[in-house]
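Enquirer: Provided herewith is a single structure, encoded as structure tokens, for subsequent inquiry.
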Amino acid sequence: MIDLHKMVSHNDAPRSITKQDYRTKVSSFFSDWFVFVGGTLVALLVLLALWSFISPNPSFSTIIISKSNTLDFNLNQDSQEAASFYDDPDLNYSIEKPIKNWDEKRNKWLKLHPTFNPGIKERILVVSGSQSTPCKNPIGDHLLLRFFKNKVDYCRIHGYDIFYNNVLLQPKMFFFWAKMPAVKAAMVAHPEAEWIWWVDSDAAFTDMDFKLPLDKYKDHNFVVYGWPKLIYEKKSWTGLNAGVFLIRNCQWSMDLIETWAKMGPQSTEYDKWGQTLQSTFKDKNFPQSDDQSGLSYLLLKEKDKWGDKIYLESEYYFQGYWVDIIGQLDNITDKYLGIEKKMPSLRRRHAEKVSERYGKLWEEYLIKDKWRRPFITHFTGCEPCSGDHNPIYSWETCYNAMQKTLNFADNQVLRNYGFVHKDLLDSSSVSPLSFDFPSNSLV
Ligand SMILES: *[C@@H]1O[C@H](CO)[C@@H](O)[C@H](O)[C@H]1NC(C)=O
Ligand SMILES: *[C@@H]1O[C@H](CO)[C@@H](O)[C@H](O)[C@H]1NC(C)=O
């Protein structure tokens with residue numbers, strides 16, 4: 001039995017491991033300049049998808065291409081001829097050039113494209129990315145493909161668009177800094193999206209039903225997993241995890257990114273920030289400025305300016321440390337199956353497109369039991385692409401945990417396709433599901 005409250009208040013592990021994880025990251029920091037976690041397979045996939053799309057006789061017909069399921073946009077209504085910020089030669093996507101009056105620019109664009117107004121407040125673009133070159137770890141690209149597949153699955157089920165970037169948009173902003181230029185460019189490229197949701201390449205959605213409680217964040221512009229006490233009282237650089245965050249597409253966010261990015265390696269202030277951050281956060285034991293300490297610093301020192309709009313989420317696994325989660329997956333599977341056996345409405349077969357509605361039906365059973373699947377499982381410290389995992393665990397431990405987690409997630413998807421991985425450690429085999437599963441199953 002998993003007690004959600006116990007799980008979420010138990011914050012020591014993610015905190016201490018993030019730190020250890022960082023040591024691993026730092027060790028490869030300079031030896032491997034472009035260690036920004038990665039995969040070229042993605043580009044290949046997109047090519048294949050495109051090719052099967054234009055080919056009159058597609059042989060990759062099992063690759064399923066799905067558009068956003070939220071709306072069928074009718075672009076004929078839009079006055080595409082009228083000028084918008086895109087026509088302004090001074091507007092620049094790059095991280096060095098601040099964008100001003102973004103709220104007005106975006107609103108004007110939205111007025112010209114009324115098609116996107118329905119559902120605007122809930123529209124999310126997921127952004128992730130990895131390095132432009134093949135992974136050093138021989139199976140790194142395969143793992144990244146699986147992590148990417150997991151994100152595509154989640155996005156398809158919930159009607160979110162996804163942008164996967166595999167090039168450094170600012171060549172000096174390598175590794176964890178690489179997300180900032182990508183997020184900024186995504187904000188400009190997607191004025192129709194209210195939120196940009198950065199999810200690290202080594203993080204997997206492990207509850208395909210769960211949706212972000214956007215209502216809760218309506219007065220905030222930035223959401224990240226973290227604990228105020230650790231940041232403000234303990235002054236720990238690991239009081240939050242910057243590997244997953246939700247950022248509103250607005251001027252405030254443009255300003256935050258501008259301020260935050262100034263601590264990065266492309267900036268003349270990089271070395272100075274390294275010293276400032278290390279002297280502010282006593283548990284930070286490396287001299288380089290990093291994005292996570294940088295964000296913690298802004299919360300700690302410029303709380304008036306940023307703090308009110310930043311939501312530190314810890315009520316559910318907005319992102320969770322895999323070591324805390326992996327041991328629970330079997331029991332969670334059993335719990336869900338146990339509930340389904342009792343509730344015919346939950347196990348009723350349905351089309352994938354309507355699975356959100358079935359996901360909602362679960363809520364009352366999950367609240368009553370105070371446990372649920374972890375939402376996002378983050379393989380902090382495993383470094384699937386480089387293979388330079390944290391020495392506190394073996395590669396085998398990381399590898400098995402990733403297989404198990406990805407198959408745990410995949411089972412939630414395959415369910416709607418009539419199949420299941422019976423053994424979470426066996427990625428290659430699936431069994432067909434019997435009708436009315438699991439009512440008649442011994443699982
Ligand atoms: C945008 O700014 C960058 C960095 O200053 C510059 O190199 C680039 O030429 C600019 N691009 C445009 C389209 O103005
Ligand atoms: C899983 O469930 C079994 C049987 O109820 C229990 O003994 C075990 O402690 C549970 N494991 C975890 C990690 O909670």
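Here, each number is a calculation from the coordinates, and none is a lab measurement. In this text the structure is predicted, and so the values were computed from the model without any measurement. Neighbour counts run over all protein chains shown; Cβ positions are idealised from the backbone, glycine included.
Enquirer: According to a simple spin-label model (label point 7 Å from Cα along Cα-to-Cβ), what is the distance in nm between A189 and Y365?
Expert: Modelled inter-label distance: 4.0 nm.
Enquirer: Stretched out fully, how many nm does the piece from H220 to M343 gain, at 0.36 nm a residue minus the Cα gap?
Expert: So the chain would gain 40.6 nm between H220 and M343.
Enquirer: Enumerate the calculated ³J(HN,Hα) couplings along region 307-312 in order (Karplus 6.51 cos²θ - 1.76 cosθ + 1.60, θ = phi - 60°), each rounded to whole Hz, writing x wherever the residue is Gly or Pro.
Expert: Once θ is set to phi - 60°, the couplings for region 307-312 become x, 4, 9, 9, 9, 8 Hz.
Enquirer: Dividing the alpha-carbon radius of gyration of region 323-432 by 2.2 N^0.38 Å (N being the number of residues), what value is obtained?
Expert: 1.19
Enquirer: Put a dot 7 Å past each Cα toward the Cβ at E352 and H142; how far apart are the dots in nm?
Expert: So the two model labels end up 2.3 nm from each other.
Enquirer: Can you compute the label reach from Y232? Point 7 Å from Cα along the Cβ direction, backbone N cut-off under 17 Å, restricted to region 299-341.
Expert: Flagged as within label range: 299-315.
Enquirer: Collect residues whose amide H, placed 1.01 Å from N in the peptide plane, falls under 5 Å from the amide H of N249; neighbours closer than 5 in sequence don't count.
Expert: Sorted by chain and number, the residues that satisfy this are W195, I196.
Enquirer: Report the calculated FRET efficiency for K282 and N101 (r = Cβ-Cβ distance, R0 = 45 Å), to the nearest 0.05.
Expert: 0.65
Enquirer: Determine, from the Cβ-Cβ distance of L425 and L91 and an R0 of 41 Å, the FRET efficiency 1/(1 + (r/R0)^6), rounded to the nearest 0.05.
Expert: With a Förster radius of 41 Å, E is 0.25.
Enquirer: With each pseudo-label sitting 7 Å past Cα toward Cβ, what's the K272-W395 distance in nm, one decimal?
Expert: Label-label distance for K272 and W395, simple model: 4.3 nm.
Enquirer: Straight distance only, please: which aspartates and glutamates reach the Cα of K284 with their own Cα at less than 13 Å, same-chain residues fewer than 8 apart left out?
Expert: D21
Enquirer: Let me ask something else about it. To make sure I understand the rule: partners must be aspartates and glutamates, Cα under 18 Å from the Cα of K303, and not fewer than 8 residues away in the same chain. Which ones qualify?
Expert: D219, E233, D255, E258, D291, E313
Enquirer: Which ³J(HN,Hα) values in Hz, rounded to whole numbers, follow from the phi angles of region 212-222 under the Karplus curve 6.51 cos²θ - 1.76 cosθ + 1.60, where θ = phi - 60° and Gly and Pro get x?
Expert: 4, x, 4, 4, 4, 9, 5, 9, 10, 10, 8
Enquirer: What FRET efficiency comes out for the pair D330/K303, r = Cβ-Cβ distance, R0 = 41 Å, nearest 0.05?
Expert: 0.45
Enquirer: 5 Å is the cut-off here: which amide hydrogens, built 1.01 Å from N in the peptide plane, fall below it relative to Y311, excluding neighbours closer than 5 in sequence?
Expert: Amide H neighbours of Y311, under 5 Å, 5+ apart: N221, F222, V223, V224.
Enquirer: Quick query: amide H of G387 versus all other amide H atoms, modeled in the peptide plane; which residues come in under 5 Å with a sequence gap of 5 or more or a different chain?
Expert: Those qualifying (amide H under 5 Å, at least 5 residues apart or on another chain) are N137.
Enquirer: How many angstrom lie between the C-alpha centres of region 349-424 and region 120-180?
Expert: Result: 18 Å between the Cα centres.
Enquirer: Shape verdict for region 102-320, please, from the Cα gyration tensor: rounded (a/c under 1.5), prolate (a/b greater than b/c) or oblate.
Expert: rounded
Enquirer: Hey, which of these cross-link pairs are over 21 Å Cα-Cα: K172/K234; K105/K172; K151/K353; K211/K360; K179/K211?
Expert: K172/K234; K105/K172; K179/K211
Enquirer: Once phi is turned into θ = phi - 60°, what whole-Hz ³J(HN,Hα) does the Karplus curve with 6.51, -1.76 and 1.60 give for every residue of region 403-414, x standing for Gly and Pro?
Expert: The phi angles translate into 4, 4, 5, 5, 6, 4, 5, 4, 4, 5, 7, 4 Hz.
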